[in-house]
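First up is the structure itself, then whatever we jot down about it.
The values are calculated or read from the model by the stated rules, or taken from the named source; none is laboratory data. Just so you know, these numbers come straight off a predicted model, no measurement behind them. Here the Cβ positions follow ideal geometry from the backbone for every residue, glycine too, while neighbour counts run over all protein chains shown.
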Amino acid sequence: MSWWSRLTGGKSDGGPKPQRLDYLSEAMALERQGDYDAALTSYRLALRDRPNDTKILQNMAIAFTKTSRPEEAIRAYKSALDADPDLSGAHYGLAFLLMKRGDRPGAEEHLEAFLAKPPAGAESERWVRHAEDTLDKLRSGGAISDGTEQ
């Protein structure tokens, strides 16, 4: 079969099939390069294929946060939590965005949810301590950190 037939949708001659682009990997690579706007475009494309993928939604929320779009980040975290209510990372990220917005009760709720089912692993210990300290401060009415110094 000629290349033109394959290009226009003719029958394949058994040759290599076109590969679908891995938008999630592309987005993560763009994020590592610091190009968060381009990463968001790739995350959106990845989301078309997998609309309830919590990894995509959480990564989008992080990219929205890094591009100073907290309301969009909040929506992405909430969508991730709709798909998986026990998603500890989404609870953690959402809590600190809500604090920045002045929603202390909402932040408390999500810190409590994070602490109820914290992530496992050695690195998670510092995040758990930070969440515990922040929750204590919220409950006592003290000044709170936004979580960005971690």
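Cβ separations smaller than 6 Å between residues 6+ apart or across chains give the following pairs from the stretch 42-57 residues that are without any contact (Cβ under 8 Å) to a residue 60 or more places away in the chain to residues that are among the β-branched types (Val, Ile, Thr) and in a helix (DSSP H, G or I): Tyr43/Ile56; Ala46/Ile56; Leu47/Ile56.
Inspection of the stretch 128-148 finds a residue satisfying the criterion of being under 20 Å from Arg32 (Cα atoms), modelled with pLDDT under 95 and not in a helix (DSSP H, G or I). For the stretch 13-23, taking the residues that are surrounded by 12 or more Cβ atoms within 10 Å (Cβ to Cβ) and either at pLDDT 95 or above or over 15 Å from the mean Cα position of the chain (by Cα) (or both), the one that is farthest from Pro70 (Cα to Cα) is identified as Leu21. Here Ala38, Ala90 are screened, and the one residue that is modelled with pLDDT of 95 or more and assigned by TED's automatic domain parsing to the domain that holds Ala107 is Ala90.
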